[in-house]
Amino acid sequence: MGKLVALTGNYAVAYAAKYAKVDVVAAYPITPQTSIVEKLAELIESGELDAIMIRVESEHSALAATFGAAIAGARAFTATSSQGLLYMHEFVHWVSRARIPAVMAIVTRALAPPWNIWPDHSDYMDQRDAGWIMGFAMDNQEVFDLTLQAFKISEDPRVYLPVMVGLEGFILGHTTMPVELPDQEIVDQWLGPRRQEYVIDGREPLALGNLAWPEDTEEMFMEIQKAMNNAKKVIKEVDEEYGKLFGRKYGGLIQCINCEDAKYFAVSMGAWTGDLIEAINKLREDGYPIGVIRIRFCRPFPYEDIWEKVQNAKGIIVFDRSISYGAWGPLFSDLITGLYHYTNKLPTMSNIVAGIGGVNITYNDFARMLTNFVETIEKGEKPPVFTWYHKR
Amino acid sequence: MTAPNPQSSKPRSPLPFNMREVVLPGDSACPGCPIPMAWKVISAVFGEKMILVIPACCSSVVVGAYPGNSLKASVVHVAFASAAAVASGISEALRKRGITDVQVIAWAGDGGTADIGMASLSGAAERNHDMIYIMYDNEAYMNTGIQRSSSTPYGAWTTTTPIIGKTEHKKDVAKIMISHGVPYVATASIAYPHDFYAKLQRAKKIRGFKFIHLHAPCPVGWRFDPKYTVRVGKLAIETGLWILYEYYDGKIHLSGPSRPYMDPKKRKPIIEYLKLQGRFKGITEEKIKEIETYVNQHWEWVKRHM
Ligand SMILES: Cc1ncc(C[n+]2csc(CCOP(=O)(O)OP(=O)(O)O)c2C)c(N)n1
Ligand code: SF4
Ligand SMILES: [Mg+2]
């Protein structure tokens, strides 16, 4: 049987890595990820986790060493935030293009300048073209579950891609919540030993990454796109299995709340979806038929899953906690592009960018934005396609 | 087997020639390239039982293009700054998995070591991971077309020091590594394969971080006739400009080929070395004097630490 404990989001990450029995951790501290590294160091030094910790001198080396360990057959893990993630960006691509399973937690934080340690999704979303599977949790239980599932998804032969798990700094990272930890034996049976397509351990000569001509290179990268497609199925399978074994099922790539009878949909990702759900529960009492689609995985992007839910929608409002400057919020851009594939009569769609630099968006803010959106459409008017919601 | 003593001056027996089975013909090196020469010596020590971690540099190309491969050993190509870090990860994974008969070798150029890779090198050395890091020093960024690196010597022409030549001396990476307190540091030259071989043999027996700074004359970048790669390498020793030594047990052990040149009178004039190379064409007397002063100071430093 599992046991219920109180954990911060960061500790939930560390415990998930422990339950996955990682062999090597290579990491470098940065606020707000630090307590993951500290906890893992403690678990390793105390002997609770039989792993090797490489206390590297930078994030570039953190992911490089994680990569090195992974190609040599180890289950490897790292975590970072913000500037650290940007600093390792070269290797973010390296790992996925080498098709090597690995897991990295991203405790999200705004990007500087100005220095700012509060959460938004700018660091995480900046990586979306890198070929990683990208999941994002909403609460600490999901942080644990998703991190553990990430190993299973990453090491599935249909996928063999690295997986990033996002969680907001402080909001989840440093906030204590009840988390149910599973039975280790069941985890071991379910996760199994490390799997990867190739191992470079010197037992047979093997070369990785030799110069390749354009056609060969392109074909290798086409395989990544195929693996991303496969991952959609694998993510759902893993969610189902996990639900059966451990009693928690989230819905796969997305989680839908109050979607059945909804005419309007609010789409978002991450912890603030909790406030959004609260706002909608309140608004439903006042007769607003709104449903929430929470994106759990933004790579691969859940086009089909969302379309299935919003076919008869009158309006869709998408909340982005990051922005592609000069364009819109990335979730909105992806969604509107994807939906156009299914219909050339899109429902009214609106993008709100908010919570940047860690600005706190409350349930009242969500309620205000949602009523505004619905009422504008009900009046027969068109809400602006893009709004940067700012409270001051 | 005991390691041959690099200080002995007895005639050498040929190196074991299983190396042709590992370093295959048909690589993409320029004629006269020092890289495959060095690999042959390395493979004479480790055979197939090595994992070369290669960052962006000439060697990334020399290995050959996919699906071909001129090395019958494991090779991992990695980002420019990351050889030491990736090798750290591999080394620790092998340790965790109990694999002890495979040598992890970071093989990086001077740019990938002295410049962009300095932090990851320093980190891996301080953590003392079990690996051999070999910096093959062709004294510029050759892969991108002969740009200056911090390891380019004073006075040398490169495409980014096109008129005046380099105005700073070479960064002494071996010295930097000695100050890290790692168990083994050595300098070597592709012109002295037996010496290099013996150093690899010694490094093989030591656990922890080993650093070898390998002088590697490049005909393309240094502007000399490709048939002179070894001659140029030898002249670097004979003029006293490049000093072969090992550092372990807290002191420098001068290697056989460099021994005679402790005595400045035995050294050939530096111009003998410079005049074979187009990169020093037109170098002034004044600059040659400056190089001489640098060489003398370097020798004094070596002697002080013997
Ligand atoms: C991050 C990054 N910056 C720049 C480059 C371009 N680049 C590739 S090889 C190279 C020079 C390598 O010089 P060195 O390490 O001395 O090896 P050599 O080519 O001389 O053998 C450069 C600048 C790169 N690949 N990656
Ligand atoms: S440029 Fe020099 S080091 Fe590079 S491949 Fe050619 S000869 Fe070798
Ligand atoms: Mg070079």
- Message: Scan the stretch B:94-110 and tell me whether some residue there is away from chain A (no Cβ under 12 Å), surrounded by fewer than 24 Cβ atoms within 10 Å (Cβ to Cβ) and within 30 Å of B:Arg279 (Cα to Cα).
- Response: no
From the option list A:Ala26, A:Ala12, single residue qualifying as under 18 Å from B:Ala93 (Cβ atoms) and either assigned to a strand (DSSP E or B) or within 21 Å of the chain's Cα centre (by Cα) (or both) is A:Ala26
Practice problem: Return yes or no: is B:Ser59 more than 16 Å from ligand 1 (Cβ to nearest atom), open to solvent by less than 10 Å² (accessible area, probe 1.4 Å) and more than 7 Å from chain A (Cβ to nearest Cβ)? | Solution: no
B:Ala114 fails exactly one of (1) more than 7 Å from chain A (Cβ to nearest Cβ); (2) open to solvent by 10 Å² or more (accessible area, probe 1.4 Å), namely (2)
Going through the stretch B:152-174 in order, the residues found to be crowded, with 21+ Cβ neighbours inside 10 Å and away from ligand 3 (no atom under 16 Å from the Cβ) are B:Gly155, B:Gly165
Note on A:Ile316: of the conditions (1) on the phi > 0 side of the Ramachandran plot; (2) part of a strand (DSSP E or B), unmet is (1)
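Can you name the residue in the stretch B:255-273 that is in contact (Cβ under 8 Å) with a residue 40 or more places away in the chain and assigned to a helix (DSSP H, G or I) and is also most open to solvent (accessible area, probe 1.4 Å) among such residues?
Per the criteria, the residue is B:Arg259.
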Going through the stretch B:23-45 in order, the residues found to be open to solvent by less than 10 Å² (accessible area, probe 1.4 Å) and within 11 Å of ligand 1 (Cβ to nearest atom) are B:Pro34, B:Ile35
Sole miss for B:Ser149 among (1) open to solvent by 10 Å² or more (accessible area, probe 1.4 Å); (2) of a type in the set (S, T, N, Q); (3) within 16 Å of ligand 3 (Cβ to nearest atom); (4) in contact (Cβ under 8 Å) with a residue 24 or more places away in the chain is condition (1)
Check: Can you spot a residue in the stretch B:87-106 that is within 16 Å of ligand 2 (Cβ to nearest atom) and closer than 30 Å to A:Glu219 by Cα?
Finding: no
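Would you check if A:Tyr28 is in contact with a Ser or Thr (Cβ under 7 Å, 6 or more places away or on another chain) and within 25 Å of A:Gly329 (Cα to Cα)?
Numbers: in contact with a Ser or Thr (Cβ under 7 Å, 6 or more places away or on another chain): yes; within 25 Å of A:Gly329 (Cα to Cα): no.
No; evaluated as a whole, the condition is false for this residue.
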Within the stretch B:175-191, the residues that are crowded, with 22+ Cβ neighbours inside 10 Å, hydrophobic (A, V, I, L, M, F, W, C) and either touching an Asp or Glu at 6+ places or on another chain (Cβ under 8 Å) or not in a loop (DSSP other than H, G, I, E, B) (or both) are B:Met177, B:Val185, B:Ala186, B:Ala188
### Message
Take the conditions over 16 Å from B:Ser88 (Cβ atoms), without any contact (Cβ under 8 Å) to a residue 60 or more places away in the chain and assigned by TED's automatic domain parsing to the domain that holds A:Phe136 and apply them to A:Leu49. Does it pass?
### Response
yes
Among B:Leu71, B:Leu121, the single one that is within 13 Å of chain A (Cβ to nearest Cβ) and away from ligand 2 (no atom under 15 Å from the Cβ) is B:Leu121
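Kindly establish whether B:Val76 is at pLDDT 95 or above and more than 16 Å from ligand 3 (Cβ to nearest atom). Give the steps one after another, and end with the answer.
On the way: at pLDDT 95 or above: yes; more than 16 Å from ligand 3 (Cβ to nearest atom): yes.
Taking the combined requirement at face value, the residue satisfies it.
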Checked the stretch B:155-169 for anything away from ligand 1 (no atom under 14 Å from the Cβ) and in contact with a helix residue (DSSP H, G or I) (Cβ under 6 Å, 6 or more places away or on another chain); matches are B:Gly155, B:Trp157, B:His169
Filtering the stretch B:66-114 for residues that are among the basic types (Lys, Arg) and free of Cβ contacts under 8 Å to residues at least 24 places away in the same chain leaves a count of 2
When restricted to B:Ala156, B:Ala191, B:Ala140, the only residue away from every other protein chain (no Cβ under 14 Å), within 16 Å of ligand 2 (Cβ to nearest atom) and touching a Ser or Thr at 6+ places or on another chain (Cβ under 7 Å) is B:Ala140
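The values are calculated or read from the model by the stated rules, or taken from the named source; none is laboratory data. In this text the structure is predicted, and so the values were computed from the model without any measurement. We place every Cβ from the backbone using ideal geometry, glycine too, and count neighbours over all the protein chains shown. Heads up: the accessible areas ignore ligands, DNA and RNA and are worked out on the full protein's heavy atoms, side chains in. Shrake-Rupley method; radii C 1.70, N 1.55, O 1.52, S 1.80 Å.
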